[in-house]
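Here the structure comes first, spelled out in structure tokens, and everything after it is commentary.
The values are calculated or read from the model by the stated rules, or taken from the named source; none is laboratory data. Since this is a predicted model, take the numbers as computed values, not measurements. Neighbour counts are summed over all protein chains in view; Cβ atoms, including those assigned to glycine, are modelled from backbone coordinates with ideal geometry. Side chains included, ligands, DNA and RNA excluded: accessible areas come from the protein's heavy atoms. Shrake-Rupley method; radii C 1.70, N 1.55, O 1.52, S 1.80 Å.
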Amino acid sequence: MDSTANISYMGLQDYMLPCYTKQVLGFDCPGCGLQRAILLLLNGDFIAAFHMYPAVFTLIPLALILVLNKFFNLRYANQSIIWLSIASVALILINYIIKLIH
């Protein structure tokens, strides 16, 4: 790993939003881990990002398609949005249930 990537990763980590659900109620919310997973992706650690928050690999393409579809009329945007949304919700729920069990 490049030392500059670690420095930028550590710098961005200082600006992450706290999880108020975890602070108040004491357990993770379904979104816990998303920010850290994105930082791990930016750092090039894809496996750790998947372990942190598996839905990151469906949420990023979903966001990209949503933004691009606003500016360009993408041919299969609606189908892609539906399938990526279903996959994202499924991954988020499965990951959340697994976190609650462990």
Across the range 37-49, the tally of residues that are in a helix (DSSP H, G or I) and surrounded by fewer than 17 Cβ atoms within 10 Å (Cβ to Cβ) stands at 4
Among the listed residues Met10, Met16, Met1, which satisfies the condition of being out of contact with any helix residue (DSSP H, G or I) (no Cβ under 8 Å at 6 or more places or on another chain), modelled with pLDDT under 85 and not in a helix (DSSP H, G or I)? Met1
Open to solvent by 70 Å² or more (accessible area, probe 1.4 Å), in a helix (DSSP H, G or I) and touching a residue at least 40 places away in the same chain (Cβ under 8 Å): does that describe Leu64? no
Filter pass, Tyr53 being closer than 18 Å to Asn95 by Cα, modelled with pLDDT of 90 or more and hydroxyl-bearing (Ser, Thr, Tyr): yes
So is Phe27 open to solvent by 80 Å² or more (accessible area, probe 1.4 Å) and either touching a residue at least 40 places away in the same chain (Cβ under 8 Å) or in contact with a Cys (Cβ under 7 Å, 6 or more places away or on another chain) (or both) or not? yes
